[in-house]
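Worksheet: one structure, shown below.
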Amino acid sequence: MRPHITLVNLWMTDPGQRYMPLGLLWLRASLEAAGHTVELRDLQTLSPAEREDPEALAASLDDSADVLGFSLMSNALPLVVAAVRLLRERRPERRVVLGGPGPTTVARQLIKAFPWIDLICRGEGEHTVVELMQALRTGELRKVSGLSGQDAEGPFHTPDRDLIIDQDILPTPRVDDLDLAAYSVYTSVTARGCPYKCSFCEIPSYESRRVRKRSVEAVVDELAHVWDTRGVRTVAFQDDIFLLSRPRVEAILDGLERRGLRFKWGGFARAGKVDPEWIASLADRGMSSVAFGIEAGSDRLLGQISK
(Lines give C-alpha, C1' and ligand atoms only; values in the text may rest on other atoms or scores of the structure.)
Protein backbone atom coordinates (compact mmCIF):
# COMPACT_ATOMS: atom_id res chain seq x y z
CA MET A 1 0.00 0.00 0.00
CA ARG A 2 1.34 3.42 -0.92
CA PRO A 3 1.83 5.49 2.24
CA HIS A 4 -0.40 8.47 2.87
CA ILE A 5 2.55 10.52 4.10
CA THR A 6 6.35 10.36 4.06
CA LEU A 7 8.10 11.80 7.11
CA VAL A 8 11.75 12.82 6.72
CA ASN A 9 14.12 13.38 9.64
CA LEU A 10 16.73 16.06 8.92
CA TRP A 11 17.96 16.71 12.47
CA MET A 12 21.59 16.78 11.35
CA THR A 13 24.02 15.24 13.80
CA ASP A 14 27.79 15.39 14.16
CA PRO A 15 29.94 12.72 12.47
CA GLY A 16 29.82 9.46 14.36
CA GLN A 17 26.57 10.35 16.13
CA ARG A 18 23.08 9.20 15.25
CA TYR A 19 20.01 9.59 17.42
CA MET A 20 16.58 8.07 17.16
CA PRO A 21 14.09 10.40 15.40
CA LEU A 22 11.87 10.73 18.44
CA GLY A 23 9.82 13.62 17.07
CA LEU A 24 8.83 11.72 13.95
CA LEU A 25 8.21 8.52 15.92
CA TRP A 26 5.64 10.38 18.01
CA LEU A 27 4.07 11.86 14.87
CA ARG A 28 3.95 8.45 13.22
CA ALA A 29 2.23 6.93 16.24
CA SER A 30 -0.50 9.59 16.15
CA LEU A 31 -0.99 9.27 12.39
CA GLU A 32 -1.18 5.48 12.55
CA ALA A 33 -3.68 5.69 15.42
CA ALA A 34 -5.83 7.84 13.08
CA GLY A 35 -5.65 5.20 10.33
CA HIS A 36 -2.89 6.64 8.13
CA THR A 37 -0.03 4.66 6.63
CA VAL A 38 3.32 6.33 7.21
CA GLU A 39 6.74 5.99 5.61
CA LEU A 40 9.66 7.22 7.73
CA ARG A 41 13.03 8.19 6.25
CA ASP A 42 15.90 9.10 8.55
CA LEU A 43 18.37 11.36 6.72
CA GLN A 44 20.18 12.83 9.71
CA THR A 45 23.56 11.44 8.63
CA LEU A 46 23.89 13.29 5.33
CA SER A 47 27.52 13.93 4.44
CA PRO A 48 28.86 17.51 4.40
CA ALA A 49 28.58 17.51 0.61
CA GLU A 50 25.00 16.21 0.69
CA ARG A 51 24.03 18.93 3.17
CA GLU A 52 24.79 21.49 0.47
CA ASP A 53 23.05 19.69 -2.40
CA PRO A 54 19.31 20.44 -2.56
CA GLU A 55 19.04 18.89 -6.02
CA ALA A 56 20.25 15.53 -4.73
CA LEU A 57 17.89 15.69 -1.76
CA ALA A 58 14.93 16.52 -3.98
CA ALA A 59 15.79 13.73 -6.43
CA SER A 60 16.07 11.21 -3.59
CA LEU A 61 12.49 12.01 -2.59
CA ASP A 62 10.92 11.62 -6.03
CA ASP A 63 9.15 8.46 -4.86
CA SER A 64 7.76 9.95 -1.65
CA ALA A 65 4.08 10.03 -0.79
CA ASP A 66 1.82 12.83 -1.98
CA VAL A 67 2.25 14.46 1.45
CA LEU A 68 5.87 14.96 2.45
CA GLY A 69 6.84 16.21 5.89
CA PHE A 70 10.27 17.41 7.03
CA SER A 71 11.34 17.63 10.67
CA LEU A 72 14.39 19.83 11.17
CA MET A 73 16.31 22.28 13.27
CA SER A 74 17.57 25.62 12.03
CA ASN A 75 20.86 24.24 10.69
CA ALA A 76 18.98 22.41 7.92
CA LEU A 77 16.77 25.34 6.88
CA PRO A 78 18.92 26.54 3.93
CA LEU A 79 19.05 23.03 2.47
CA VAL A 80 15.34 22.40 2.93
CA VAL A 81 14.15 25.78 1.64
CA ALA A 82 16.07 25.20 -1.60
CA ALA A 83 15.02 21.55 -1.86
CA VAL A 84 11.32 22.33 -1.34
CA ARG A 85 11.35 24.65 -4.34
CA LEU A 86 12.70 21.81 -6.48
CA LEU A 87 10.28 19.30 -4.97
CA ARG A 88 7.31 21.49 -5.87
CA GLU A 89 8.63 21.89 -9.44
CA ARG A 90 9.14 18.15 -9.85
CA ARG A 91 5.68 17.22 -8.54
CA PRO A 92 3.43 20.30 -8.23
CA GLU A 93 0.59 18.25 -6.77
CA ARG A 94 2.68 17.10 -3.79
CA ARG A 95 2.14 18.94 -0.51
CA VAL A 96 5.31 19.62 1.45
CA VAL A 97 5.10 20.38 5.17
CA LEU A 98 7.87 21.68 7.40
CA GLY A 99 7.95 21.12 11.16
CA GLY A 100 10.25 21.05 14.15
CA PRO A 101 12.06 23.80 16.09
CA GLY A 102 13.80 25.24 13.02
CA PRO A 103 10.77 26.39 11.00
CA THR A 104 8.49 26.86 14.02
CA THR A 105 10.31 29.90 15.33
CA VAL A 106 10.53 31.66 11.94
CA ALA A 107 7.32 30.46 10.29
CA ARG A 108 6.02 33.93 9.41
CA GLN A 109 9.34 34.97 7.88
CA LEU A 110 9.62 31.74 5.86
CA ILE A 111 6.11 32.03 4.44
CA LYS A 112 6.69 35.66 3.51
CA ALA A 113 10.11 35.16 1.93
CA PHE A 114 9.62 31.86 0.10
CA PRO A 115 6.25 31.54 -1.68
CA TRP A 116 6.94 27.92 -2.64
CA ILE A 117 6.74 26.88 1.02
CA ASP A 118 3.07 26.16 1.44
CA LEU A 119 2.72 24.62 4.91
CA ILE A 120 4.51 24.80 8.27
CA CYS A 121 3.37 23.00 11.43
CA ARG A 122 4.31 25.12 14.44
CA GLY A 123 5.09 23.60 17.82
CA GLU A 124 3.93 20.16 18.91
CA GLY A 125 2.71 18.31 15.87
CA GLU A 126 0.91 15.18 17.02
CA HIS A 127 -2.58 16.67 16.84
CA THR A 128 -1.79 19.20 14.14
CA VAL A 129 -0.56 16.66 11.60
CA VAL A 130 -3.62 14.45 12.04
CA GLU A 131 -5.96 17.41 11.51
CA LEU A 132 -3.82 18.56 8.60
CA MET A 133 -4.26 15.26 6.78
CA GLN A 134 -8.02 15.67 7.05
CA ALA A 135 -7.88 19.32 6.01
CA LEU A 136 -5.90 18.47 2.88
CA ARG A 137 -8.92 16.44 1.76
CA THR A 138 -11.52 19.05 2.69
CA GLY A 139 -9.57 22.20 1.83
CA GLU A 140 -10.13 23.66 5.31
CA LEU A 141 -6.50 24.31 6.16
CA ARG A 142 -7.28 27.62 7.86
CA LYS A 143 -9.24 25.73 10.52
CA VAL A 144 -6.17 23.79 11.70
CA SER A 145 -4.58 25.41 14.77
CA GLY A 146 -0.81 25.76 14.77
CA LEU A 147 -0.51 25.97 10.99
CA SER A 148 1.13 28.56 8.76
CA GLY A 149 0.86 28.42 5.01
CA GLN A 150 -0.18 29.80 1.67
CA ASP A 151 -3.34 29.09 -0.26
CA ALA A 152 -5.36 30.73 -3.04
CA GLU A 153 -6.23 33.61 -0.70
CA GLY A 154 -2.61 34.25 0.25
CA PRO A 155 -0.48 33.66 3.35
CA PHE A 156 -2.17 32.62 6.59
CA HIS A 157 -1.18 31.86 10.18
CA THR A 158 -3.78 30.15 12.34
CA PRO A 159 -3.79 30.61 16.13
CA ASP A 160 -1.23 28.67 18.14
CA ARG A 161 -2.33 25.23 19.21
CA ASP A 162 -2.76 24.57 22.92
CA LEU A 163 0.01 22.52 24.47
CA ILE A 164 -0.62 18.84 25.06
CA ILE A 165 -0.79 18.85 28.84
CA ASP A 166 -1.59 15.18 29.42
CA GLN A 167 1.25 13.47 27.61
CA ASP A 168 -0.22 10.04 28.33
CA ILE A 169 -3.03 10.60 25.81
CA LEU A 170 -0.49 10.31 23.00
CA PRO A 171 0.08 6.88 21.46
CA THR A 172 3.46 5.44 22.43
CA PRO A 173 5.90 5.38 19.51
CA ARG A 174 6.85 1.97 18.21
CA VAL A 175 10.43 1.04 17.40
CA ASP A 176 9.85 -2.48 16.09
CA ASP A 177 11.03 -1.54 12.58
CA LEU A 178 14.09 0.46 13.66
CA ASP A 179 17.60 -0.96 13.53
CA LEU A 180 18.50 0.17 17.04
CA ALA A 181 22.12 -0.83 16.48
CA ALA A 182 22.36 1.95 13.90
CA TYR A 183 21.81 4.59 16.59
CA SER A 184 24.26 5.84 19.18
CA VAL A 185 21.92 4.98 22.04
CA TYR A 186 18.27 4.25 22.76
CA THR A 187 16.57 7.54 23.65
CA SER A 188 13.39 8.38 25.52
CA VAL A 189 11.55 11.52 26.60
CA THR A 190 9.77 11.48 29.96
CA ALA A 191 8.69 15.15 29.94
CA ARG A 192 8.53 18.11 27.57
CA GLY A 193 9.34 21.71 28.33
CA CYS A 194 11.69 23.73 30.51
CA PRO A 195 10.70 26.15 33.31
CA TYR A 196 13.58 28.54 32.69
CA LYS A 197 13.77 31.54 30.35
CA CYS A 198 17.29 31.71 28.94
CA SER A 199 17.21 34.49 26.35
CA PHE A 200 19.11 32.50 23.72
CA CYS A 201 16.82 29.46 23.82
CA GLU A 202 13.97 28.82 21.40
CA ILE A 203 12.04 26.43 23.69
CA PRO A 204 9.92 29.10 25.45
CA SER A 205 8.87 30.51 22.07
CA TYR A 206 6.86 27.43 21.19
CA GLU A 207 6.51 25.36 24.36
CA SER A 208 6.07 28.12 26.95
CA ARG A 209 7.72 27.33 30.28
CA ARG A 210 5.34 24.61 31.36
CA VAL A 211 6.85 21.17 31.93
CA ARG A 212 4.45 18.44 30.84
CA LYS A 213 5.21 14.98 32.14
CA ARG A 214 4.42 11.47 31.05
CA SER A 215 3.34 9.32 33.96
CA VAL A 216 6.03 7.32 35.70
CA GLU A 217 4.09 4.16 34.81
CA ALA A 218 4.12 5.01 31.09
CA VAL A 219 7.88 5.62 31.14
CA VAL A 220 8.59 2.39 33.01
CA ASP A 221 6.30 0.39 30.71
CA GLU A 222 8.08 1.77 27.62
CA LEU A 223 11.51 0.89 28.94
CA ALA A 224 10.40 -2.53 30.16
CA HIS A 225 9.05 -3.24 26.68
CA VAL A 226 12.30 -2.44 24.88
CA TRP A 227 14.28 -4.30 27.56
CA ASP A 228 12.23 -7.44 26.91
CA THR A 229 11.73 -7.20 23.14
CA ARG A 230 14.82 -5.40 21.85
CA GLY A 231 17.49 -6.12 24.45
CA VAL A 232 17.98 -2.43 25.29
CA ARG A 233 20.19 -1.93 28.35
CA THR A 234 21.24 1.72 28.00
CA VAL A 235 18.97 4.76 27.67
CA ALA A 236 19.60 8.48 27.21
CA PHE A 237 16.78 10.61 28.59
CA GLN A 238 16.27 13.48 26.16
CA ASP A 239 14.11 15.69 28.38
CA ASP A 240 15.18 19.33 28.28
CA ILE A 241 16.24 18.84 31.91
CA PHE A 242 15.80 15.22 33.04
CA LEU A 243 17.37 15.90 36.45
CA LEU A 244 14.94 18.74 37.15
CA SER A 245 13.00 16.99 39.92
CA ARG A 246 14.66 14.63 42.39
CA PRO A 247 11.40 12.95 43.46
CA ARG A 248 10.42 12.25 39.84
CA VAL A 249 13.81 10.86 38.85
CA GLU A 250 13.84 8.60 41.87
CA ALA A 251 10.26 7.49 41.19
CA ILE A 252 11.27 6.40 37.67
CA LEU A 253 14.34 4.58 38.98
CA ASP A 254 12.28 2.95 41.73
CA GLY A 255 9.76 1.76 39.14
CA LEU A 256 12.48 0.25 36.97
CA GLU A 257 14.13 -1.46 39.91
CA ARG A 258 10.82 -2.98 41.04
CA ARG A 259 10.60 -4.56 37.58
CA GLY A 260 14.15 -5.89 37.88
CA LEU A 261 15.47 -3.51 35.21
CA ARG A 262 18.95 -2.09 35.71
CA PHE A 263 19.66 0.35 32.89
CA LYS A 264 22.74 2.42 32.33
CA TRP A 265 21.42 5.89 31.70
CA GLY A 266 22.23 9.55 31.25
CA GLY A 267 20.38 12.84 31.00
CA PHE A 268 20.56 16.61 31.02
CA ALA A 269 20.89 18.76 34.13
CA ARG A 270 21.04 22.50 34.81
CA ALA A 271 24.28 23.77 36.28
CA GLY A 272 23.76 25.20 39.74
CA LYS A 273 20.39 23.50 40.18
CA VAL A 274 21.44 20.04 41.35
CA ASP A 275 22.78 18.66 44.61
CA PRO A 276 26.30 17.31 43.98
CA GLU A 277 25.84 14.59 46.60
CA TRP A 278 22.60 13.46 44.97
CA ILE A 279 24.21 13.42 41.53
CA ALA A 280 27.08 11.35 42.91
CA SER A 281 24.64 8.87 44.49
CA LEU A 282 22.93 8.27 41.16
CA ALA A 283 26.02 6.47 39.88
CA ASP A 284 24.97 3.60 42.14
CA ARG A 285 21.59 3.57 40.39
CA GLY A 286 22.86 3.28 36.83
CA MET A 287 23.71 6.85 35.86
CA SER A 288 26.73 6.74 33.58
CA SER A 289 26.67 10.31 32.24
CA VAL A 290 25.21 13.72 32.93
CA ALA A 291 25.25 16.67 30.51
CA PHE A 292 25.29 20.33 31.45
CA GLY A 293 24.85 23.28 29.11
CA ILE A 294 27.90 25.46 29.78
CA GLU A 295 27.23 28.69 27.90
CA ALA A 296 29.80 30.98 29.55
CA GLY A 297 32.34 31.18 32.32
CA SER A 298 31.50 34.79 33.16
CA ASP A 299 28.85 35.69 35.74
CA ARG A 300 28.27 38.97 33.89
CA LEU A 301 27.54 37.22 30.60
CA LEU A 302 25.41 34.58 32.30
CA GLY A 303 23.31 37.38 33.76
CA GLN A 304 22.88 39.00 30.37
CA ILE A 305 21.48 35.79 28.87
CA SER A 306 19.24 35.10 31.89
CA LYS A 307 21.09 31.92 32.83
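Taking each residue as 0.36 nm, the span from SER74 to LYS112 lengthens on full extension beyond its C-alpha to C-alpha distance by 12.0 nm. The relative contact order of the chain comes to 14 percent, based on Cα pairs under 8 Å that sit 6 or more residues apart.
Between the residues ALA181, TRP227, VAL249, the greatest Cα displacement towards the positive end of the dipole of the chain, with unit charges on the Cβ of Lys, Arg, Asp and Glu, is found for VAL249. Counting only Cβ charges, +1 for Lys and Arg and -1 for Asp and Glu, the dipole size of the range 1-98 around its Cα centre is about 240 debye. Only beta bridges with both residues in the chain are counted; by DSSP, about 25 percent of them are antiparallel.
Each Cα pair of the chain feeds into the Kirkwood radius, which the Stokes-Einstein equation turns, at 20 °C and 1.002 mPa s, into a diffusion coefficient of 103 µm²/s.
Calculated mean residue ellipticity at 222 nm for the chain: -9500 deg cm²/dmol, from DSSP H runs with n ≥ 4 weighted as -39500 (n - 2.57), summed, divided by the residue count and rounded to 500. Residue by residue, the range 294-307 carries 3J(HN,Hα) couplings of 9, 8, 6, x, 10, 4, 4, 5, 4, x, 5, 9, 6, 10 Hz when phi is fed to the Karplus relation 6.51 cos²θ - 1.76 cosθ + 1.60 (θ = phi - 60°); x denotes Gly or Pro. Cut-off 15 Å, label point 7 angstrom out along Cα-to-Cβ of PHE200: give me the residues of the range 271-307 whose amide nitrogen falls inside. Those under the cut-off are 271, 292-307. Farthest toward the positive end of the dipole of the chain, out of SER298, LEU110, MET20, is the Cα of SER298, where the dipole comes from beta carbon charges about the Cα centre.
Once C-alpha pairs closer than 8 Å and six or more residues apart are averaged by separation and normalised to the residue number of the range 54-103, the relative contact order reads 53 percent. For the pair ASP63 and ASP228, label points projected 7 Å from Cα toward Cβ lie 3.7 nm apart. The residues of the chain have, on average, 49 Å² of accessible surface per residue, using a 1.4 Å probe with all protein chains present.
Write down the percent of antiparallel bridges among all DSSP beta bridges whose residues are both part of the range 99-238, to the nearest 5. If I count the DSSP bridges inside the range 99-238, around 75 percent turn out antiparallel. With an 8 Å Cα cut-off and a minimum separation of 6 or more residues, compute the relative contact order for the range 116-181 in percent. 29 percent. For ILE169 and ARG285, a Förster radius of 30 Å and the Cβ-Cβ distance give a FRET efficiency of 0.50, rounded to the nearest 0.05. A Förster radius of 25 Å combined with the Cβ-Cβ distance from GLU39 to SER145 puts the calculated FRET efficiency at roughly 0.45.
Taking a point 7 Å from the Cα of GLU52 along the Cα-to-Cβ direction, the residues of the range 61-80 with backbone N closer than 13 Å to it are 79.
The values are calculated or read from the model by the stated rules, or taken from the named source; none is laboratory data. For clarity, every value in this text was computed on a predicted model and none was experimentally measured. Please note: Cβ atoms are built from the backbone with ideal geometry, for glycine as well, and neighbour counts cover all protein chains shown. Surface areas here come from the heavy atoms of the whole protein model, side chains and all, with no ligands, DNA or RNA. Shrake-Rupley method; radii C 1.70, N 1.55, O 1.52, S 1.80 Å.
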